[in-house]
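Read-outs throughout are calculated quantities, based only on the coordinates presented, and are distinct from any laboratory measurement. Keep in mind the model is a prediction, meaning the values are calculated, not measured. So basically every Cβ, Gly included, is an ideal-geometry build from the backbone, and we count neighbours across all protein chains shown.
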Amino acid sequence: MKFIVDLPLAGLAKWLRFCGFDAEVERLSPGFPQNLPPVRPHTYLLTRQQAFNRFRREDLLILAAAAPEGQLEEVVSRLGIKAGDLNLLSRCGQCNALLVPLPREQAVGQVPEHVFHTQEQFHQCPQCRQVYWPGSHLRGIMARVLEKMA
Ligand SMILES: [Zn+2]
């Protein structure tokens, strides 16, 4: 599943990436329908602009929630996304690049000391070098989203 996310929803794009989904950010303009990305299988356009209503594209989801967490919950429930569809910590929230495993000994000095001592697994973004680990602050929000999928 792939998402093209309207620019003001960049925060949502970050969460989708944390869930493992390919999420590109683009400015979507209802005034220029010819500029909208073409309909592609398993690809959804996400926006909050009501003006998109008139296009009646099935791949276009107009979200109501103002906050990224609420928007993520809407996407999950409207598309029927299940916990098994997620691939947590596989993509960089900033770059959308696929993370690569970082050997533990190489994480020294790249993460806070208490994190190094309490975590076993680390992943790194090949583009921005950001290091991710499962115990990071994302966990609370992801847990809330996963609860709603049950
Ligand atoms: Zn990155």
Please count how many residues of the range 121-147 are among the β-branched types (V, I, T) and within 16 Å of the ligand (Cβ to nearest atom).
1
Take the conditions away from the ligand (no atom under 16 Å from the Cβ), closer than 30 Å to N35 by Cβ and out of contact with any strand residue (DSSP E or B) (no Cβ under 6 Å at 6 or more places or on another chain) and apply them to E58. Does it pass?
yes
If the Cβ limit is 7 Å and pairs must be 6+ apart or interchain, which residue in the range 36-50 that is on the phi > 0 side of the Ramachandran plot pairs with which residue that is of a type outside the set (D, E, K, R)?
H42/M1
Hey, could you check the range 96-120 for residues that are closer than 18 Å to R17 by Cβ and more than 14 Å from the chain's Cα centre (by Cα) and say which is farthest from the ligand (Cβ to nearest atom)?
P101
Taking the condition of being surrounded by 18 or more Cβ atoms within 10 Å (Cβ to Cβ), within 16 Å of the ligand (Cβ to nearest atom) and in a loop (DSSP other than H, G, I, E, B), how many residues in the range 79-95 meet it?
3
Qualifying positions in the range 118-131 - closer than 9 Å to L102 by Cα and outside any loop (DSSP other than H, G, I, E, B)
F122, H123, Q124, V131
